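The values are calculated or read from the model by the stated rules, or taken from the named source; none is laboratory data. Just so it is clear, the model here is predicted, and its values are computed rather than measured. Note that each Cβ is placed from the backbone with ideal geometry, even for glycine, and that neighbours are counted across all protein chains shown.
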Amino acid sequence: MTQPQTSIWGTILTCVEIGLNIYALQAEHNQGLVVDANFAKEKLSEEALMLGQQQGDHIYFDDVKSIVPTYELAQQGAINHPELSEVIANPDKLAQEGRYFAPEYFGEFEPPRDAAGKELNSCQRWDNGIYLTERHGVQQLAVHQTAGNQVLSDMALHHASGQGDYFFFPINDCSIPVYELSASHPGVLAQIINEDSLLHTLCEDYPQYVGMHNLHSEEWGHIHDCPAPKSLFLQVQLDHAAKHEPFQLDTDIHLSSTYVQSNHSPVLQARESAEAFFEPSEGMEW
């Protein structure tokens with residue numbers, strides 16, 4: 001079967017044969033794996049086929065879901081391109097990344113564990129590979145390293161400690177990872193009870209980060225300071241403050257706007273809403 005001459009993703013920019021009837025394709029609007037339809041139905045599982053879209057004589061797997069057919073085909077020795085030698089030699093390495101890109105096939109990340117291999121206390125799942133947990137007697141945000149390396153900036157990771165497969169951030173120093181994760185993980189966005197507080201915390205604690213962010217983002221996505229209490233953007237922070245610290249509110253901040261997410265549109269709402277989340281685009285690059 002010849003390689004595809006047209007694409008469901010628009011004009012073909014590059015098309016490289018990485019195995020018999022298997023093509024790494026980059027097009028105008030997307031990229032991914034394209035497999036001859038008859039060959040795919042012979043070699044791939046039903047679960048893998050369901051992730052593709054057939055047009056004509058080929059099945060297209062976008063840049064996120066292409067990790068599944070790549071994994072199955074590499075296991076069968078069907079991929080032979082020299083630039084994919086690491087995948088060919090050890091396809092099981094794809095399974096870890098697959099837990100991020102295609103958890104419906106590979107399964108979700110396991111919860112964080114302590115040094116002895118036991119699940120940490122009070123693990124509350126926020127999203128795939130993202131948990132609120134207790135470590136060393138302190139509540140911390142746990143982010144699986146595969147997810148963190150895909151989403152978090154170097155500045156966010158600079159404040160993390162590591163154990164096993166997870167990054168850990170103290171709840172009183174997690175504004176950057178919460179801000180960055182909330183843009184792509186609806187479960188994290190849902191935990192933010194006061195977006196103004198998150199913005200204020202970023203501006204107060206990390207002005208350099210805010211400056212770099214605003215320099216490299218569109219104006220609609222800029223971070224601006226807001227009149228709000230610091231480090232009270234998560235329910236767990238609010239609960240801790242209620243138990244251990246008296247609230248000292250500025251005279252111009254009302255209780256309703258401090259503890260309840262207000263109805264007006266804060267700056268952060270320039271980001272995608274929970275209903276409009278899209279799959280991450282940092283898939284396999286060919």
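For this structure, a couple of remarks:
- Residue that is surrounded by the most Cβ atoms within 10 Å (Cβ to Cβ), among those in segment 120-129 that are modelled with pLDDT of 95 or more and not in a strand (DSSP E or B): 129
- Residue satisfying condition, being surrounded by fewer than 20 Cβ atoms within 10 Å (Cβ to Cβ), modelled with pLDDT of 95 or more and not aliphatic (A, V, I, L, M), within set 26, 5: 26
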